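Beneath this line is the structure, given in structure tokens, with notes to follow.
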Amino acid sequence: LQLAPSTARRIAPDDTEEDVDLAAIVVGDRVRVRPGEKVPVDGVVASGRSAIDESMLTGEPIPADKAPGDTVIGGTVNTTGSLVVQASQVGSDTVLSRVVEMVAAAQRSRAPMQRLADKVAGVFVLAVIGIALVTFVVWGLVGPAPSWGHAIVNAVSVLIIACPCALGLATPMSVMVGSGLGARHGVLFKDAAAMEKLREVGVLIVDKTGTLTVGRPSVSQ
């Protein structure tokens, strides 16, 4: 979300311009995108010509030429020319917001392994509670004085040590950390099941070098 600017330069119906908060922009508003600025919203170029650096979304290092009628994406960078863009999608409807929501949905999704872990944990928790109750009764009846005081301490000890917190937390924590790190490096997962399936992959074939390089071409010869 930090890729999108916090303000936009809105053009009023009388052609006066003012900087407003991005949340104040609605569909149909016209905004001016000056050279070097980020496009604030998804929209269509109303006037002007420029080249837009869309590498943050497409991985393509060469800026794409934009003319009236072309679509632009919020968060991309205007390079040289000045554009007037008519907003077509704002707020949660923008491409950038949908990408963020996809990452969040992937973090909330459940991997197949997690369902197995939850089933095991469910049985294991009941078993641990049962053992803790037996420990409480045995220490209370035959333990040294004060027997019931020792019974409480030992029963709680069984719960703390044996309860499978890590078993239930390991998979969702792995999904959250993995998808978060992936997103930070430009790799997006659709859901946790895709992440789990990826461990079976031995070869990854990619036909777009722009998505793998730093996005800054240089002359070698």
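Overview of values
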| read-out | value |
| --- | --- |
| In order through the stretch 156-171: 3J(HN,Hα) via Karplus (6.51 cos²θ - 1.76 cosθ + 1.60), integer Hz, x for Gly, Pro | 5, 4, 4, 5, 5, 7, 8, 5, x, 4, 4, 5, x, 8, 4, 5 |
| Protein-only accessible surface order, largest first, of Trp139, Trp148 at 1.4 Å | Trp148, Trp139 |
| Farthest positive-ward along the chain dipole, Cα basis, beta-carbon charges - from Leu181, Val201, Pro217 | Val201 |
| Per-residue SASA entry for Met173, accessible area with 1.4 Å probe, Å² rounded to 10 | 100 |
| Carbon and sulfur %, accessible surface of the stretch 22-170 computed with the full protein complex present, 1.4 Å | 68 |
| For the stretch 177-182, Karplus couplings with θ = phi - 60° (6.51, -1.76, 1.60), whole Hz, Gly/Pro x | 5, x, 5, x, 5, x |
| Nearest 10 degrees, 0 to 90: helix 95-108 Cα axis against the chain principal axis | 10 |
| Rounded accessible area per residue of the chain, 1.4 Å, Å² | 63 |
| Charge dipole (the chain, unit charges on Cβ, about Cα centre) - positive-most of Thr76, Gly140, Ala117 | Gly140 |
| Other-chain or far-sequence residues with amide H under 5 Å of Gly81's (modelled H) | Ala51 |
| Approximate shape of the chain as ellipsoid semi-axes (Cα gyration tensor, √5λ), whole Å, largest first | 57, 23, 13 |
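The values are calculated or read from the model by the stated rules, or taken from the named source; none is laboratory data. Owing to the predicted nature of the structure, the values given are computational and were not obtained by experimental measurement. A quick note on method: Cβ atoms are made from the backbone with ideal geometry, for glycine too, and the neighbour counts reach across all protein chains shown. Only protein heavy atoms, including side chains, enter the accessible area calculation; ligands, DNA and RNA are left aside. Shrake-Rupley method; radii C 1.70, N 1.55, O 1.52, S 1.80 Å.
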